[in-house]
1. Work out, step by step, the length gained on full extension between residue 36 and residue 86: first 0.36 nm times the residue separation, then minus their alpha carbon distance; give nm to one decimal.
2. Once you have the Cα-Cα distance between residue 51 and residue 79, take 0.36 nm times their residue separation minus that, and quote the gain in nm to one decimal.
3. Which residues' amide hydrogens lie under 5 Å from the amide hydrogen of residue 80, considering only partners 5 or more residues apart or on another chain, with H built in the peptide plane?
4. So if I place +1 on the C-beta of Lys and Arg and -1 on the C-beta of Asp and Glu, and nothing else carries charge, what would the dipole magnitude of segment 14-97 be about its Cα centre? I want it in debye, nearest 20.
5. Given axes a ≥ b ≥ c from the Cα gyration tensor, I'd like to know whether segment 34-90 is rounded (a/c under 1.5), prolate (a/b larger than b/c) or oblate.
6. Using θ = phi - 60° and the Karplus form 6.51 cos²θ - 1.76 cosθ + 1.60, what ³J(HN,Hα) does each residue of segment 20-27 get, whole Hz, x for Gly and Pro?
Amino acid sequence: VGERLCNAKVHDHGLRVAYLDLDAHHGDGVQWLFYDDPRVMTLSLHQDGRTLFPGSGHIGELGEGRARGTSINVPLAPHSTDADLLGAYERVVPAAEELATRITSHGQRLRAAVGRRLALARRRPRSL
């Protein structure tokens, strides 16, 4: 996924990429792939890593070096609701817009939906 997001054509034109992951689990693979790349912003809304695999996605994981501030994690409490998810989404998406991002890729999966036994979220598929 990551290499496709950041191909040479995107960077040759000075574009920046925002990868938005809405899932019960933290999008750790994409985050770590671009943790030191200032051209890619990763935004992940997920259940708190202290309560669910993979145990990452803490708010202090911000990126490193010139990419500091391009990794945004919003860990949500177990049993979070549609309103919690939508409120968090409305707070973080403007961050991508503020960085003049022109290309966004969504890592959205419906594993965050009610009925999935791996997560404790109370969100309905329509909110995703």
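Any read-out appearing in this document is the output of simple, stated calculations on the displayed coordinates, not a laboratory observation. Keep in mind the model is a prediction, meaning the values are calculated, not measured. Don't worry about glycine lacking a Cβ; one is built from the backbone with ideal geometry, like all the others, and counts go over all protein chains shown.
1. Numbers: separation 50, 0.36 × 50 = 18.00 nm, distance 2.82 nm.
Length difference between fully extended and current span is 15.2 nm.
2. Values: separation 28, 0.36 × 28 = 10.08 nm, distance 1.11 nm.
Between residue 51 and residue 79, full extension yields 9.0 nm more.
3. Under 5 Å from the amide H of residue 80: 122.
4. Numbers: 6 positive and 12 negative charges, 54 e Å.
My answer is approximately 260 debye.
5. Working: a/c = 3.34, a/b = 1.72, b/c = 1.94.
It comes out oblate by the Cα gyration axes.
6. Taking θ as phi minus 60°, the curve returns 9, 10, 10, 7, 5, 9, 4, x Hz for segment 20-27.
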